[in-house]
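Working notes, beginning with the structure itself.
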Amino acid sequence: MKNSTMNFTIVICFLIALIEGIDIQAIGVAATSIKQHFQLDSAQLGLLFSIGIFGLLPGTIIGGYYADKIGRKKVLIAAVVLFAVFTLSIVFVQNFTGLLVVRFMAGLGFGAALPNLIALASESSSAENKGKAVGMMYCGMPIGAILISLWAAMDSSNNWKLIFYAGGIIPLVVVPFMIKYLPESKEYAQVQTRIKNISYSLALFSNKQTSRTILLWGGCFFTAMVLYIMLSWLPSLFVELGFTKQQGSMAQVYFQIGATIGTLLFTGLIDKWNKSVVIGIVYIGILTGLIFMNSAPTLMIMYLAAAFTGFFLIGSNGVSYAFSSFAYPTEHRGQGVGAANAVGRIGAMVGPAVAGQILNTGGGTSGVLLSMFPCIVIALVCMFVLARKLDVQETIIFKKEIT
């Protein structure tokens, strides 16, 4: 019974992550059409990318906080309704201001959903499979992005509104099934009475949590900064290089295929391997992928470079989400995961806007790719030190178990 409940929870969380992946990626896939329809310049398009991500910031804080106060399931359902309604609303807006408002509100819902998905996936699994469970849930996002990118690559009608109709209606259909069938976390239920009087600052900065929180925040900020440049701008960067919009969408497909494989592989490995070794592999892989993309001579090699970069970049993001669930005990987990995601969202908001300015000032695709290098180096240092701390924690627990 326990295994069936665990599996069902992960399946539901995967499905919501897949829908969220479709909705988040929709704005990047439809960017060229939206730019033409509303007559936007690159700076305005960058702001549109960033405003949705800006909505993620308060969303993750609020979603994480109330996950620990009233339960993961209730907050997740409310978040799904919120992002579904405002994703659908984008087809009805008439101007740039309206675009900004509905993307911000959808971002609130996306942000509130993610810490609850991470907490539910982690808490539904055994201790030795928590990383794998988070990874299985999180790979729904790149798979959702693959589906929407394939749709865009094959759609010759250029009817961008269809993307947002689907992104709004599908999650609203799923909500009744969540209400009836999604179980609440048993780990949360066991500690619920101890949570009520724990302050936000105590949850994040008490005892050994201070250094973990700072390191996790640093890693999440700079990783998300690079990730959201790629998620928001990759199709447009291909257009800047002279490729077609369909070829740009196919690049996103390759990126997300690599991402799905990387997420499953690396989140599984952190349950079995030394965590610091996994961190070293993924971040060095990202740097290699960026070099590869900056020097690829043909379209097919660019596709392969996009897949290679996605394999390591979104793989690293899945690992950082798993780390955020490892770094905090159950009674603090929603707030800890939510805060780490909020800091990551600041990076995610800054990244696309910076990329837009680089393009506007003539920096081109090479300028955007080169700007990512220092971000990845800083993220590598932060996550490597955190991984060492988590490795030491696991060693201590293991020694206690065998004595």
Point to revise | Of all residues in segment 209-243 being touching a Cys at 6+ places or on another chain (Cβ under 7 Å) and not aromatic (Phe, Trp, Tyr), the one that is nearest to TYR254 (Cα to Cα) | key: VAL226
Point to revise | Filter result for MET136 (farther than 20 Å from TYR228 by Cα, in contact (Cβ under 8 Å) with a residue 60 or more places away in the chain and in contact with a helix residue (DSSP H, G or I) (Cβ under 6 Å, 6 or more places away or on another chain)) | key: yes
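Only one residue in PHE311, PHE292 is more than 30 Å from TYR65 (Cα to Cα) and surrounded by 24 or more Cβ atoms within 10 Å (Cβ to Cβ), so which one is that? Explain how you work it out, then say what you get.
Values: PHE292 fails: surrounded by 24 or more Cβ atoms within 10 Å (Cβ to Cβ).
Matching residue, one of PHE311, PHE292: PHE311.
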Point to revise | Residue check, PHE312 in a helix (DSSP H, G or I) and either β-branched (Val, Ile, Thr) or more than 16 Å from GLN209 (Cα to Cα) (or both) | key: yes
Point to revise | Matching option when the condition is under 20 Å from LYS132 (Cβ atoms) and over 20 Å from the mean Cα position of the chain (by Cα), among LYS245, LYS272 | key: LYS272
Practice item. Examine segment 139-146 for a residue that is touching a Phe, Trp or Tyr at 6+ places or on another chain (Cβ under 8 Å), at pLDDT 85 or above and either not acidic (Asp, Glu) or not in a loop (DSSP other than H, G, I, E, B) (or both), and state whether such a residue exists. Key: yes
Review point. Any residue at all in segment 280-292 that is in contact with a Leu (Cβ under 9 Å, 6 or more places away or on another chain), part of a loop (DSSP other than H, G, I, E, B) and either hydrophobic (A, V, I, L, M, F, W, C) or farther than 18 Å from VAL368 by Cα (or both)?
Key: no
Review point. Of the residues ALA43, ALA31, which single one is crowded, with 18+ Cβ neighbours inside 10 Å, over 19 Å from ALA224 (Cα atoms), aliphatic (A, V, I, L, M) and touching a residue at least 24 places away in the same chain (Cβ under 8 Å)?
Key: ALA31
Point to revise | helices (runs of 4 or more DSSP H) fully within segment 15-122 counting 2 or more residues that are under 22 Å from LYS245 (Cα atoms) | key: 31-38, 42-70
Review point. So which residues in segment 265-276 are more than 18 Å from MET137 (Cβ to Cβ) and either modelled with pLDDT of 90 or more or charged (D, E, K, R) (or both), if there are any at all?
Key: LYS272, LYS275
Point to revise | The lone exception for ILE90 - which of (1) over 26 Å from SER324 (Cβ atoms); (2) surrounded by fewer than 23 Cβ atoms within 10 Å (Cβ to Cβ) it fails | key: (2)
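The values are calculated or read from the model by the stated rules, or taken from the named source; none is laboratory data. Computed from a prediction, not measured in an experiment: that's the story for all the values here. Positions of Cβ are backbone-derived with ideal geometry, glycine not excepted, and every protein chain shown enters the neighbour counts.
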